[in-house]
1. Loop only per DSSP, at most 14 neighbouring Cβ atoms within 10 Å: give me the trypsin sites (Lys or Arg not before Pro) in region 1-96, ordered by residue number.
2. Could you work out the percent of alpha carbon pairs in region 79-122 separated by over 14 Å, rounded to a whole number?
3. Over the chain, with every protein chain in place, what whole percent of the accessible area is carbon and sulfur at 1.4 Å, could you tell me?
4. Given +1 on the Cβ of Lys and Arg, -1 on the Cβ of Asp and Glu, and no further charges, what dipole in debye does region 91-130 carry about its Cα centre, rounded to the nearest 20?
5. How large is the helix-only mean residue ellipticity at 222 nm for the chain, computed as the sum of -39500 (n - 2.57) over DSSP H runs with n ≥ 4, divided by its residue count, in deg cm²/dmol to the nearest 500?
6. Which order do Glu93, Glu53 take when ranked by solvent-accessible area (1.4 Å probe, heavy atoms of all protein chains), largest first?
7. Counting pairs of alpha carbon atoms under 8 Å apart in space and at least six apart in sequence, what relative contact order in percent does region 66-130 give?
8. Tell me the relative contact order for region 1-125 as a rounded percent, counting alpha carbon contacts under 8 Å between residues six or more apart.
Amino acid sequence: MNNDLVRAALEVQSRAYAPYSNFHVGAALRCEGTVYAGCNVENAAYPLGTCAEGGAISLMVASGGRRIEEIVIVGDGDQPCTPCGGCRQKLREFGLPDLKIHMINRQGDLLMTRTLVQLLPDAFGPDHLG
(Lines give C-alpha, C1' and ligand atoms only; values in the text may rest on other atoms or scores of the structure.)
Protein backbone atom coordinates (compact mmCIF):
# COMPACT_ATOMS: atom_id res chain seq x y z
CA MET A 1 0.00 0.00 0.00
CA ASN A 2 1.41 3.34 -1.04
CA ASN A 3 1.67 6.24 1.43
CA ASP A 4 0.60 8.87 -1.11
CA LEU A 5 -2.69 7.00 -1.55
CA VAL A 6 -3.17 6.91 2.23
CA ARG A 7 -2.48 10.65 2.53
CA ALA A 8 -4.82 11.49 -0.34
CA ALA A 9 -7.64 9.31 1.02
CA LEU A 10 -7.34 10.83 4.50
CA GLU A 11 -7.18 14.38 3.15
CA VAL A 12 -10.22 14.01 0.89
CA GLN A 13 -12.22 12.26 3.63
CA SER A 14 -12.07 15.51 5.58
CA ARG A 15 -13.95 17.20 2.73
CA ALA A 16 -16.80 14.68 2.57
CA TYR A 17 -20.32 16.13 2.59
CA ALA A 18 -22.24 13.84 4.94
CA PRO A 19 -24.77 15.94 6.90
CA TYR A 20 -27.33 13.10 7.05
CA SER A 21 -25.32 10.00 7.93
CA ASN A 22 -22.32 11.75 9.49
CA PHE A 23 -20.26 8.93 7.92
CA HIS A 24 -17.32 10.44 6.04
CA VAL A 25 -15.57 8.38 3.39
CA GLY A 26 -12.50 9.11 1.31
CA ALA A 27 -11.01 7.08 -1.53
CA ALA A 28 -7.79 7.50 -3.47
CA LEU A 29 -6.75 5.42 -6.44
CA ARG A 30 -3.74 5.22 -8.69
CA CYS A 31 -3.87 5.13 -12.49
CA GLU A 32 -0.69 5.31 -14.54
CA GLY A 33 1.22 6.94 -11.69
CA THR A 34 -1.40 9.62 -10.98
CA VAL A 35 -3.49 9.71 -7.80
CA TYR A 36 -7.20 10.54 -8.05
CA ALA A 37 -9.28 11.07 -4.92
CA GLY A 38 -12.97 11.38 -4.12
CA CYS A 39 -15.25 11.69 -1.10
CA ASN A 40 -18.85 10.83 -0.44
CA VAL A 41 -21.36 13.56 -1.24
CA GLU A 42 -24.81 13.04 0.28
CA ASN A 43 -28.06 14.52 -0.92
CA ALA A 44 -31.36 15.20 0.86
CA ALA A 45 -32.89 12.80 -1.69
CA TYR A 46 -30.88 9.90 -0.23
CA PRO A 47 -30.39 7.65 -3.27
CA LEU A 48 -28.88 10.53 -5.23
CA GLY A 49 -25.69 10.71 -3.20
CA THR A 50 -22.27 9.80 -4.57
CA CYS A 51 -19.84 7.35 -3.00
CA ALA A 52 -16.18 8.25 -2.54
CA GLU A 53 -15.03 5.48 -4.88
CA GLY A 54 -17.36 6.69 -7.62
CA GLY A 55 -16.07 10.24 -7.24
CA ALA A 56 -12.44 9.12 -7.56
CA ILE A 57 -13.28 6.96 -10.58
CA SER A 58 -15.14 9.83 -12.26
CA LEU A 59 -12.14 12.12 -11.80
CA MET A 60 -9.85 9.43 -13.23
CA VAL A 61 -12.05 8.94 -16.30
CA ALA A 62 -12.52 12.69 -16.82
CA SER A 63 -8.72 12.98 -16.82
CA GLY A 64 -8.36 10.25 -19.45
CA GLY A 65 -7.55 7.28 -17.20
CA ARG A 66 -9.00 3.83 -17.75
CA ARG A 67 -7.25 1.37 -15.39
CA ILE A 68 -7.22 1.42 -11.57
CA GLU A 69 -3.94 -0.01 -10.28
CA GLU A 70 -4.63 0.26 -6.52
CA ILE A 71 -7.16 1.94 -4.24
CA VAL A 72 -7.32 3.00 -0.59
CA ILE A 73 -10.63 3.63 1.19
CA VAL A 74 -11.09 5.27 4.59
CA GLY A 75 -14.30 5.54 6.58
CA ASP A 76 -15.25 6.61 10.08
CA GLY A 77 -14.85 4.11 12.89
CA ASP A 78 -12.63 1.10 13.47
CA GLN A 79 -14.32 -1.30 11.06
CA PRO A 80 -13.09 -1.59 7.45
CA CYS A 81 -15.18 0.55 5.11
CA THR A 82 -15.71 -1.94 2.32
CA PRO A 83 -17.08 -0.70 -1.02
CA CYS A 84 -20.85 -0.99 -1.49
CA GLY A 85 -22.17 -3.32 -4.18
CA GLY A 86 -22.47 -0.55 -6.75
CA CYS A 87 -18.90 0.59 -6.14
CA ARG A 88 -17.62 -2.96 -6.42
CA GLN A 89 -19.14 -3.08 -9.89
CA LYS A 90 -17.59 0.32 -10.74
CA LEU A 91 -14.22 -0.97 -9.59
CA ARG A 92 -14.72 -4.04 -11.81
CA GLU A 93 -15.26 -1.82 -14.83
CA PHE A 94 -11.81 -0.25 -14.43
CA GLY A 95 -9.87 -2.84 -12.40
CA LEU A 96 -8.45 -6.28 -13.00
CA PRO A 97 -9.44 -9.21 -10.75
CA ASP A 98 -6.19 -8.85 -8.74
CA LEU A 99 -6.80 -5.14 -8.03
CA LYS A 100 -5.81 -4.50 -4.40
CA ILE A 101 -8.41 -2.65 -2.35
CA HIS A 102 -7.01 -1.42 0.96
CA MET A 103 -9.25 -0.24 3.79
CA ILE A 104 -7.73 1.97 6.48
CA ASN A 105 -8.88 3.84 9.58
CA ARG A 106 -8.58 7.58 10.22
CA GLN A 107 -5.12 7.08 11.70
CA GLY A 108 -3.94 5.53 8.42
CA ASP A 109 -3.66 2.02 9.87
CA LEU A 110 -4.41 -0.83 7.49
CA LEU A 111 -7.55 -2.70 8.56
CA MET A 112 -8.06 -5.00 5.58
CA THR A 113 -6.85 -5.68 2.06
CA ARG A 114 -8.90 -7.62 -0.45
CA THR A 115 -8.59 -8.19 -4.15
CA LEU A 116 -11.44 -7.27 -6.42
CA VAL A 117 -12.18 -10.93 -7.13
CA GLN A 118 -12.50 -11.55 -3.36
CA LEU A 119 -15.01 -8.72 -3.01
CA LEU A 120 -16.90 -9.45 -6.23
CA PRO A 121 -16.45 -13.08 -7.32
CA ASP A 122 -17.78 -14.16 -10.70
CA ALA A 123 -18.27 -10.52 -11.65
CA PHE A 124 -19.92 -9.39 -14.86
CA GLY A 125 -17.63 -7.06 -16.75
CA PRO A 126 -16.71 -5.54 -20.10
CA ASP A 127 -15.21 -8.82 -21.32
CA HIS A 128 -18.68 -10.41 -21.16
CA LEU A 129 -19.93 -8.05 -23.85
CA GLY A 130 -17.47 -9.20 -26.49
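1. Within region 1-96, the qualifying trypsin sites (Lys or Arg not before Pro) (loop, at most 14 other Cβ atoms within 10 Å) are Arg15, Arg66, Arg67.
2. Tail of P(r) above 14 Å: 45 percent of Cα pairs.
3. The C+S portion of the solvent-accessible surface of the chain is 51 percent.
4. Working: 4 positive and 5 negative charges, 39 e Å.
Computed about the Cα centre, the dipole is about 180 debye.
5. So the calculated ellipticity at 222 nm is -8000 deg cm²/dmol.
6. I get Glu93, Glu53, largest accessible area first.
7. On the way: 96 pairs, mean separation 22.3, N = 65.
With pairs under 8 Å counted, the relative contact order is 34 percent.
8. On the way: 271 pairs, mean separation 26.5, N = 125.
So the answer I get is 21 percent.
The values are calculated or read from the model by the stated rules, or taken from the named source; none is laboratory data. What you see is a predicted model; the values in this text were computed from it and never measured. Reconstructed Cβ throughout: ideal geometry from the backbone, glycine too, with neighbour counts over all protein chains shown. Keep in mind that these areas ignore ligands, DNA and RNA; they rest on the heavy atoms of the full protein, side chains included. Shrake-Rupley method; radii C 1.70, N 1.55, O 1.52, S 1.80 Å.
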